[in-house]
Amino acid sequence: MIVGCFRRNRDPLGNDSGQAMVEAALVIPLLALILIGMAELGRAAYAAIQVSNAAKAGVQYGTQNGSAAADATGIINAAASDAANLTGLTTTSSVSCVCSDGSASTCQPTDCANSHIESILTVNTQANFDPIFHIPGLPATFTLRGQAIQKCGQ
């Protein structure tokens, strides 16, 4: 009597060639899904970086001298040229003021009695990202936003 010895039911010739094909059929779709997800994530990250860099380019243009901060068209063009690969980029800019001593200012020359006015330029960019593959339960498009804030040269 043999105790604890079990015999597997196998092909008498030991041929297991079908097993590898079944494993491949189960794993390949999963690997393809992972690769597609990585590509979509890479596209989204690239677009987000472009939107952010466009805001930085706009604020750099606007702060190069005192009059460029009021040039909204130049700021928009600088942002658009930095993000040439993006479609539908919208750019807005605004200038606010503060006194150098920290008190509030309305950008009028008479606001800061014992200090000087500091102008602050804010550039906001926005673009929609449309993924190639849509996942149920997630929105069809994503809004990417960028913002850059910098003091203007006097």
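Quick note: the coordinates plus some simple rules give every number you see, no bench work behind them. Values in this document were obtained by computation on a predicted structure and should not be read as measured data. All Cβ positions, glycine included, derive from the backbone under ideal geometry; neighbour counts span all protein chains shown.
At a glance:
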item: For the chain, built as a Gaussian network whose Cα springs stay under 10 Å, the top-fluctuating residue of Asn128, Asn85, Asn114; result: Asn114
item: Rounded to 10°, Cα long-axis angle of helix 72-82 versus longest principal axis of the chain; result: 30 degrees
item: Nearest 10 degrees, 0 to 90: helix 17-62 Cα axis against the chain principal axis; result: 0 degrees
item: Spin-label pair His116/Asn128, simplified geometry with 7 Å Cα→Cβ offset, distance in nm; result: 4.6 nm
item: Arg145 paired with Ala70, simple spin-label distance in nm, labels 7 Å along Cα-to-beta-carbon; result: 2.9 nm
item: Simple label model, 7 Å out from Cα along Cβ direction - Ala48 to Asp101, nm; result: 4.3 nm
item: Total charge dipole magnitude, the stretch 18-151, about the Cα centre, Cβ charges on Lys, Arg, Asp, Glu only, Debye to nearest 20; result: 100 debye
item: Top positive-direction residue, dipole computed over the chain with Cβ charges, set Asn65, Ala140, Cys152; result: Ala140
item: Listed values (1) 1.99; (2) 1.24; (3) 1.00, entry calculated as Cα Rg over 2.2 N^0.38 Å; result: (1)
